[in-house]
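Everything below concerns the one structure shown next.
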Amino acid sequence: MENSKYYEEALEQYKEIQQDTELYDERIIKTGCYLQNFILQLCHAETGDWRQCTLEMNWFKDCWAKNGNDKRTFQSDKNKEQYEREVRE
């Protein structure tokens, strides 16, 4: 992840934001993936095309799964019954 051109900028801003967070930032911080989310946002802001940010998107997805966020949030590509069934398993 450190080899992304967005890493240093995101890390610097993350350190600043930790001192003065808004509700949205607090929710993202609690996921454990704030830095990866911010890197992805910087990439999209610069390119305007999510398809050009696949590396950054994969970092975010990996972090999301590693921190168990996929188990606690509803996934819109699954119906609620399927999601609840998988959570129980």
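The values are calculated or read from the model by the stated rules, or taken from the named source; none is laboratory data. It should be emphasised that the depicted structure is a prediction, and the values quoted were computed from it without experimental measurement. Reconstructed Cβ throughout: ideal geometry from the backbone, glycine too, with neighbour counts over all protein chains shown.
Scanning the range 32-89 for residues that are of a type in the set (Phe, Trp, Tyr) and at pLDDT 90 or above, which turns out farthest from residue 11 (Cα to Cα)? Explain how you work it out, then say what you get.
Going residue by residue through the range 32-89, those that are of a type in the set (Phe, Trp, Tyr) are 34, 38, 50, 59-60, 64, 74, 83.
From the residues that got through so far, the ones that are at pLDDT 90 or above too are 34, 38, 50, 59-60, 64.
Working: 34: 10, 38: 9, 50: 21, 59: 14, 60: 14, 64: 18 Å.
Ranking the candidates gives 50 first.
Need pairs with beta-carbon distance below 9 Å; first residue aromatic (Phe, Trp, Tyr) and within the range 36-62, second not in a helix (DSSP H, G or I); sequence gap 6+ or separate chains.
38/6; 59/1; 59/4; 59/33; 60/33
Within the range 45-72, how many residues are over 16 Å from residue 2 (Cα atoms) and buried (at least 17 other Cβ atoms within 10 Å of the Cβ)?
So the count comes out to 1.
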